[in-house]
Amino acid sequence: MRWRGNRKSSNVEDRRSMQVSGSGHSGRGGSSILRLVPVVFKFLGFKGTLILAVGVGAYGLFTGNLGNILSVLGLQQSTIVSESTQPLRETAEEKELVDFVSVILADTEETWTTLFRQRGGTYQEPHLVLFRDSVKSACGMAQSAIGPFYCPGDHKVYIDLGFYDQLKNRYKAPGDFAQAYVIAHEIGHHVQTLVGISGKVQEARNRLSKVDANKLSVRQELQADCFAGVWAHHANNTRNLLETGDVEEGLTAASAIGDDTLQQKSQGYIRPDSFTHGSSAQRVKWFKVGLASGDMDSCDTFSSI
């Protein structure tokens, strides 16, 4: 990617020097549940552990399948969090990654500001939070093992840059465009929040069975993949950001994090009724749809997959 020397976003929050710890309790009718509830979960298709210390509100949930978990637990907000600051130490490679994500975030701002303006709207720029190990958001506390996530409660994307090592080494999806795709996907969730899609999806999921709610989550995730493709289209056509091989890197990343691929690797079999993000083929397809058209309207995953 031709990203060096391009504008950096001013919406990057660096919390890598902050250490977070917390405790809380919550439940229906004042009944006590565990202070911190560890739940095996997935964001962007990657498995990890989330420490739940969150409330159920209009925006009090992470993008993905967390709404189901919170509904089952009946959690309400009751959190005590402490933070301490340590001296920041970073390698030259990590410093370059900070510059990279700042440039990519700025480029997504260019695309979505233009597209919203063309539709008579105003794009509200999200913040991107860099952290290490654990972080506090409006959606609760999370550990870096869950991977990058978007919190609609504060309109922020959260990422531990160490995730990119996993993307390259564990999931065999190297390259700077694969890294950019991850950010663009989460920004896609921000776009869904701004236009009201996320809220409608959550309302609908609350009325559905677990299987049907998962199917709706798949459609939401695939649309975020398509929106990532929309960004890539404009980044290339308007600002000539892409180089030879970049699109292939993005497609590799999309394929590597399909539910079927991850399930086959982790458990040796595939359960389509448990998909929350879509199969590898679906994720590749919808990224390519957005990439080819550059049009938000082409990303109607809710009508057909």
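The values are calculated or read from the model by the stated rules, or taken from the named source; none is laboratory data. As the structure is a prediction and not an experimental result, all values here were calculated from the model. Backbone-built Cβ (ideal geometry, glycine too); neighbour counts: all protein chains shown.
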Reported set for the stretch 106-147 where residues are assigned to a helix (DSSP H, G or I) and of a type in the set (D, E, K, R) is Asp107, Glu109, Glu110, Arg117
Within the stretch 182-197, residues farther than 13 Å from Phe149 by Cβ, among the small types (Gly, Ala, Ser) and either part of a helix (DSSP H, G or I) or within 15 Å of the chain's Cα centre (by Cα) (or both) come out as Ala184
Those helices (runs of 4 or more DSSP H) completely within the stretch 201-305 that have 2 or more residues that are modelled with pLDDT of 90 or more are 210-239, 280-293
Within the stretch 196-215, the count of residues that are of a type in the set (A, V, I, L, M) and in contact (Cβ under 8 Å) with a residue 40 or more places away in the chain comes to 2
Screening Tyr158, Tyr150 for residues that are without any contact (Cβ under 8 Å) to a residue 60 or more places away in the chain, closer than 18 Å to Arg16 by Cα and in a strand (DSSP E or B) leaves only Tyr158
For Leu208, the lone unmet condition from (1) over 22 Å from Gly121 (Cα atoms); (2) out of contact with any Gly (no Cβ under 9 Å at 6 or more places or on another chain); (3) buried (at least 19 other Cβ atoms within 10 Å of the Cβ) is (3)
Selection from the stretch 214-254 of residues of a type in the set (Gly, Ala, Ser) and surrounded by 21 or more Cβ atoms within 10 Å (Cβ to Cβ) yields Ser217, Ala224, Ala228, Gly229, Ala232, Ala235, Gly250, Ala253, Ala254
With the first residue restricted to the stretch 278-305 and required to be farther than 23 Å from Thr111 by Cα, and the second required to be β-branched (Val, Ile, Thr) and not in a helix (DSSP H, G or I), Cβ contacts under 7 Å at 6 or more apart or on different chains are Gln282/Ile305
Q. crowded, with 18+ Cβ neighbours inside 10 Å and modelled with pLDDT of 95 or more: does that describe Val135?
A. no
